[in-house]
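Trainee: Structure in structure tokens, see below.
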Amino acid sequence: MTTASLFFTTQMTLLPKITKEDQLHAANDLFAVTWSFCFVAGMALGGLVVEFYGVSVAFCIDALMFFIALFFLRGLFLPEQEEMSNISFYDSM
């Protein structure tokens, strides 16, 4: 669960950085629908894997999925961020 929490936080942090501001609402909607579907499908498939192959295989498949996601995220291009060192926290809000 700890790895999943870190991964989810990273996903939600990257979403505004890889979408245009006017597309962010649609991107959030699409992400939420996709996440919900994958959550339900993953639970169903995970239950089948545990039933037929055991818990160890399910954990190995889960770990493999995180490495596959890491591989794809590694090639993600992020635009350079503006330097905000001279802006106070309250001014940025």
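Trainee: Restricting to region 34-64, count the residues that are among the hydroxyl-bearing types (Ser, Thr, Tyr) and either touching a strand residue (DSSP E or B) at 6+ places or on another chain (Cβ under 7 Å) or open to solvent by less than 60 Å² (accessible area, probe 1.4 Å) (or both).
Mentor: 1
Trainee: Looking for whichever is aromatic (Phe, Trp, Tyr), part of a helix (DSSP H, G or I) and open to solvent by 100 Å² or more (accessible area, probe 1.4 Å) here; the options are PHE77, PHE67, PHE31, PHE7. Which one fits?
Mentor: Values: PHE77 fails: part of a helix (DSSP H, G or I); PHE31 fails: open to solvent by 100 Å² or more (accessible area, probe 1.4 Å); PHE7 fails: open to solvent by 100 Å² or more (accessible area, probe 1.4 Å).
Unique residue meeting the criteria: PHE67.
Trainee: May I pose another question? Tell me whether region 8-20 contains one or more residues that are touching a Leu at 6+ places or on another chain (Cβ under 9 Å), under 15 Å from LEU70 (Cα atoms) and β-branched (Val, Ile, Thr).
Mentor: Among the residues of region 8-20, at least one is touching a Leu at 6+ places or on another chain (Cβ under 9 Å), under 15 Å from LEU70 (Cα atoms) and β-branched (Val, Ile, Thr), which makes the answer yes.
Trainee: Another question, if that's okay. Look through region 13-23, keep the residues that are in a helix (DSSP H, G or I) and open to solvent by less than 50 Å² (accessible area, probe 1.4 Å), and return whichever of them is farthest from PHE77 (Cα to Cα). Talk me through it step by step, then tell me what you get.
Mentor: So in region 13-23, the residues in a helix (DSSP H, G or I) come out as 13-18, 21-23.
Narrowing further to those that are open to solvent by less than 50 Å² (accessible area, probe 1.4 Å): 14-15.
Details: LEU14: 11, LEU15: 12 Å.
If we take residues in region 13-23 being in a helix (DSSP H, G or I) and open to solvent by less than 50 Å² (accessible area, probe 1.4 Å), then LEU15 is farthest from PHE77 (Cα to Cα).
The values are calculated or read from the model by the stated rules, or taken from the named source; none is laboratory data. Quick caveat, the model's predicted, so the values are computed rather than measured. Cβ sites come from the backbone with ideal geometry, for glycine too, and all protein chains shown count toward neighbours. To get the accessible areas, we keep the full protein, side chains included, count just its heavy atoms, and leave off ligands, DNA and RNA. Shrake-Rupley method; radii C 1.70, N 1.55, O 1.52, S 1.80 Å.
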